[in-house]
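**Student:** Sharing a structure here in structure tokens format.
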Amino acid sequence: MTVFHLRAAGVSLVLDTRGDAASITHWGTDLGELDPPDGLFTPAVPPSSIDVPLRLSLLPSLVEGWSGRPAIESGHGLRTVEAHQHEQTAVIRSASPDATQEVVTELELTGQGVLRVRHRFTNRGHDEFVLPNLDVLLPIPAEASELLDFTGLWSHERSPQRAPLRHGIWSRESRHGRPGHDDAFLMVAGTPGFGFRTGRVWAVHLAWSGDKRIWAERSALGYSVLGAGELTAPGEIRLTPGESYETPWLVAVFSDAGLDGLSDRLHPWIRATSELRRPRPVVLNTWEAVYFNHDLTVLGQLADAAAEVGVERFVLDDGWFTGRRDDRRALGDWFVDDTVWPRGLHPLISRVHAHGMEFGLWVEPEMISPDSRLATAHPDWILDSGPTWRWQRSLDLTRAYDHLLERLTALLTEYPIAFLKWDHNRDLLTPGVAHRQTRALYRLLAALKQAFPHVEIESCASGGARIDLGILPLVDRFWTSDTNDPLDRQSIQRWTGVLIPPEYLGGHLGAGTAHVTGRTSALGFRLATALFGSAGIEWNLTAASPAEKADIAAWIAEHKRLRPLLHSGRVVRADSPDPAHLLHGVVAQDRTHAVYALVTLGTPAAALPPPIRFPGLDPDRSYTVRPIGVPPRTMQDAPPPWLAAGEITLPGRVLTELGLPAPLLTPEQALLLELS
């Protein structure tokens, strides 16, 4: 056995396989060329402890002296029996002393410095084996003593929370059958006070769309770890002789440049494997425009208005299928309602296509209404037996798989559908089925993708309750949240975007008074908020004034012009001493072009806000700064002279370090600035 050293993009992973059990001795900044002598990674033996050095193995457990949360709850200590490295991947095979349990661990360090780790457990015995939870653990240094993760609720996803990492476990568990609105999302440990631009941080995310747990632990033994794994119910994973179980990938990222440094690795890695091959179309979704009022004349007029402002994809939301006049019935009956649509969807689609727009359709295949033809025909396909949730229950995908594939195939074959808005509006409240339900979902999505490669799919789960890297390879868009309120969206998009690139994150322009919150927002603020992601509209444009339509058309044209930058550039966020102010932007990879948004969320702490300092610029290149978009509302006797002049040209070093005097924006406003 030997020491493996994986290196890429300023990151090192050192894996020592010379002991009984392989252990990660370093994950973090690049160590350069390394030829470690024997004993370099062997710790001292403290008093009143095991009589050999305690090393944190890949699969730490109680039998080897690790009293923290084990990677596998097994009575056997697993020992390394084989190890090899090929380029940037190391594979370690471990086995129990009686050879009935085998775990193969795969570790990959991508060219962007993203670490991926997973285990594959195989039952080598002669009897069925009930597998307990199997997790991936990674060591972090003592300096990573502050934690950041996320919580939330419907329409308020990805709400950050911080705490010190003390002795013990900070553990987050998801039992929703999906990650949930309160998904921990990322578990980040860093140096105290780390921000978007500062600090050393280590972060993990579990690429899985079902139940899971993710945690940080600091042990009195001297080790700190980040860990994660699928959360299974007792007896949920049963392996016959020779059968295997593979954990989801743990995606782990180190940065010595704060949270933006995590995005600097994750976004290029995701883009390198992305299936997105064309610009993200500007969408109009009909939900907040018409709700269940499906009428060809009304929807045709909405399509006309959408085309007038430059929309590229028209999506018909809930209400199109048999008997669906409200949200209390008909889920599962995926046939076009011939009482509402006597000629099917063809007349509407023809009108949409006549304007040069694509057509998309809303579906919710994983759910079933008790009041539906499908429930009457197949009551054994219903999973949940507790209370209904939004008047619906979960459909057993393993039993209904063929039916769903046939129904969706029929729709996609009969109609020229370019996009499915795939919704998931309730938790799965049946214990012990989340694993097979999630695997069946992945299989169904993959089958549709293979059969209809031109059809794009959006992952929507009551908004943003299923945004993860497990489902990402199977979808083309995430619905970030059910709220279109720009004030809430600023925070939701900011934090979701640490992990997910903006081109995947649907952000829509809603009505002046938000459907979810009832808050009224200025058009300019709504437009600026929806500009940066996969942009769209969720508003009855036929009720918009001519002036509003003109502003929307200009905004869409601006988005299309900037789209190559917004969806390929480097996402940057400034740290602000005043929580009422945000600054975020996207900088081209060659740093020749950038767009920023200066945002006021509330009342500022001081009469004069801090200067606008632009992160991510080339210090040795000069940039011309000019405002774009709808001018924000201000409360000032005179604007800064540079803004009154319309533009200013300065070196990047000055714009980053000194900055520009900020205008006095009133609360809930945004100033868009383009730099070239």
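**Student:** In whole Å, how far is the Cα centre of the range 570-628 from that of the range 446-485?
**Tutor:** So the separation of the two Cα centres works out to 30 Å.
**Student:** If you don't mind, there's one more thing I want to ask. For the range 451-501, rounded, prolate or oblate, judged on the Cα gyration tensor with a ≥ b ≥ c (square roots of eigenvalues), a/c < 1.5 rounded, else prolate if a/b > b/c? Write down the numbers at each step before the final one.
**Tutor:** Details: a/c = 2.52, a/b = 1.85, b/c = 1.36.
Because a/c hits 1.5 or more and a/b exceeds b/c, the range 451-501 counts as prolate.
**Student:** Take every Cα-Cα pair in the range 242-331 and report what % of them are more than 17 Å apart.
**Tutor:** Pairs farther apart than 17 Å: 70 percent.
**Student:** At what distance in nm do the modelled label points of Ser385 and Asp338 sit from each other, each positioned 7 Å from its Cα along Cα→Cβ?
**Tutor:** 3.8 nm
**Student:** If you take every residue apart from His167 with its C-beta less than 10 Å away from the C-beta of His167, what net charge results, scoring Lys and Arg +1 and Asp and Glu -1?
**Tutor:** On the way: positive: Arg166, Arg218; negative: Glu217.
Within the 10 Å Cβ shell, the charges total +1.
**Student:** Modelled label-to-label distance, Glu657 and Thr398, 7 Å Cα→beta-carbon offset: nm?
**Tutor:** So the label points at Glu657 and Thr398 sit 6.3 nm apart.
**Student:** Where does the range 366-415 land on the Kirkwood hydrodynamic radius, alpha-carbon pairs, in angstrom?
**Tutor:** On the way: mean 1/r = 0.0867 Å⁻¹.
One decimal place: 11.5 Å for the Kirkwood radius.
**Student:** Let me ask another. Per residue, how much accessible surface does the range 290-373 expose to a 1.4 Å probe? Answer in Å², no decimals. Don't jump to the answer; show the numbers that get you there.
**Tutor:** Working: 3060 Å² over 84 residues.
Roughly 36 Å² per residue, with all protein chains present.
**Student:** So what's Rg/Rh here for the range 206-285, counting alpha carbon atoms and using the Kirkwood radius for Rh?
**Tutor:** Numbers: Rg = 18.4 Å, Rh = 16.8 Å.
So for the range 206-285, dividing Rg by the Kirkwood Rh gives 1.10.
**Student:** Using each residue's phi in the range 430-447, evaluate 6.51 cos²θ - 1.76 cosθ + 1.60 at θ = phi - 60° and report the 3J(HN,Hα) Karplus result to the nearest Hz, with x for Gly and Pro.
**Tutor:** 10, x, x, 10, 4, 5, 5, 5, 5, 4, 5, 4, 4, 5, 5, 4, 5, 5
**Student:** What 222 nm value per residue comes from the helices of the chain, counting each DSSP H run with n ≥ 4 as -39,500 (n - 2.57) and dividing by all residues, nearest 500 deg cm²/dmol?
**Tutor:** On the way: 12 runs with 134 residues, N = 676.
Per the formula, -6000 deg cm²/dmol.
**Student:** Per-residue counts of other Cβ atoms within 10 Å, averaged by peptide: what ranking do you get for 277-287, 221-231, 558-568, highest first?
**Tutor:** Working: 277-287: 19.9, 221-231: 21.6, 558-568: 17.5.
Final packing ranking: 221-231, 277-287, 558-568.
**Student:** For the range 514-652, which semi-axes, largest first and in whole Å, follow from the square roots of 5 times the eigenvalues of its Cα gyration tensor?
**Tutor:** Each semi-axis is √(5λ); the values are 26, 20, 15 Å.
**Student:** In Å², and per residue, what accessible area does the range 153-193 have when probed at 1.4 Å with the other protein chains present? Intermediate values should be presented prior to the final figure.
**Tutor:** Details: 1850 Å² over 41 residues.
With the other protein chains kept in place, the range 153-193 gives 45 Å² per residue.
**Student:** Which percent of the accessible area of the chain is formed by carbon and sulfur heavy atoms (probe 1.4 angstrom)? It would help to have the intermediate numbers written out before the result.
**Tutor:** On the way: 13500 of 25410 Å².
Carbon with sulfur: 53 percent of the solvent-accessible area.
**Student:** Identify which of the listed values of semi-axes √(5λ) of the Cα gyration tensor in Å was calculated from the structure shown: (1) 71, 33, 24; (2) 43, 36, 20; (3) 41, 30, 22.
**Tutor:** (2)
**Student:** Straight-line reach only, C-alpha to C-alpha below 29 angstrom: list the lysines that Lys549 could link to, leaving out same-chain residues fewer than 8 apart.
**Tutor:** Excluding near neighbours in sequence, the set is Lys421, Lys560.
**Student:** Order the peptides 39-52, 195-208, 144-157 from the highest to the lowest mean number of other Cβ atoms within 10 Å of their residues.
**Tutor:** Working: 39-52: 10.4, 195-208: 22.9, 144-157: 20.2.
So the peptides 39-52, 195-208, 144-157, ranked by packing, come out 195-208, 144-157, 39-52.
**Student:** Take the alpha carbon atoms of the range 123-156, find their center, do the same for the range 372-396, and report the distance between the two centers in whole angstrom.
**Tutor:** Cα centres, the range 123-156 to the range 372-396: 31 Å.
**Student:** Could you tell me which of rounded, prolate or oblate describes the range 40-146, using a ≥ b ≥ c as the square roots of the eigenvalues of the alpha-carbon gyration tensor, with rounded for a/c under 1.5 and, failing that, prolate when a/b is larger than b/c and oblate otherwise?
**Tutor:** Numbers: a/c = 1.71, a/b = 1.08, b/c = 1.59.
The shape class here is oblate.
**Student:** Would you pull out the residues with amide H under 5 Å of Glu243's amide H, same chain only if 5 or more places away, H placed 1.01 Å from N?
**Tutor:** Asn123
**Student:** Still on this structure: If R₀ is 41 angstrom, what is the calculated FRET efficiency for the pair Arg439 and Ser171, using the beta carbon separation as r and rounding to 0.05?
**Tutor:** Values: r = 24 Å, r/R0 = 0.59.
E between Arg439 and Ser171, to the nearest 0.05, is 0.95.
**Student:** What is the packing order of peptides 174-185, 314-325, taking the mean over residues of other C-beta atoms within 10 Å and listing the highest first? Provide the component values of the computation, followed by the final result.
**Tutor:** Working: 174-185: 24.2, 314-325: 21.4.
The densest-packed peptide leads the list: 174-185, 314-325.
**Student:** For a test of the definition: using alpha carbon positions, the gyration tensor, and the 1.5 limit on a/c, classify the range 396-435 as rounded, prolate or oblate. Intermediate results must be reported in sequence, preceding the final value.
**Tutor:** Working: a/c = 4.37, a/b = 1.88, b/c = 2.32.
It is oblate, given that a/c is not under 1.5 and a/b is not larger than b/c.
**Student:** Let me ask you something else. Where only protein heavy atoms count, and the probe is 1.4 Å, what is the accessible area per residue for the range 467-529 in Å²?
**Tutor:** Per-residue value: 20 Å².
**Student:** Let me ask something else. Counting Lys +1, Arg +1, Asp -1, Glu -1, what net charge surrounds Glu288 among other residues with beta carbon under 9 Å of its beta carbon? Mind dumping the intermediate values first?
**Tutor:** On the way: positive: none; negative: Asp317, Glu538.
Result for the neighbourhood of Glu288: -2.
**Student:** Would you please give the residues with an amide H less than 5 Å from that of Leu361, counting only those at least 5 places away or on a separate chain, with H modeled from the backbone geometry?
**Tutor:** Distant-sequence amide H within range of Leu361: Leu316, Phe419, Leu420, Lys421.
**Student:** Shifting gears a bit: Among bridges DSSP assigns within the range 340-489, what percent are antiparallel (round to 5)?
**Tutor:** Working: 4 of 15 bridges.
Percent antiparallel among DSSP bridges in the range 340-489 is about 25.
**Student:** With θ set to phi - 60°, apply the Karplus curve 6.51 cos²θ - 1.76 cosθ + 1.60 along the range 339-346 and write out the HN-Hα couplings as whole Hz, x wherever there is a Gly or Pro.
**Tutor:** 7, 8, 10, x, 9, x, 7, 4
The values are calculated or read from the model by the stated rules, or taken from the named source; none is laboratory data. Worth saying up front: this structure is predicted, and the values here are computed from it rather than measured. Cβ atoms come from the backbone with ideal geometry, glycine included; neighbour counts cover every protein chain shown. Ligands, DNA and RNA are stripped out before the accessible areas are found, and what is left, the full protein with its side chains, is counted by its heavy atoms. Shrake-Rupley method; radii C 1.70, N 1.55, O 1.52, S 1.80 Å.
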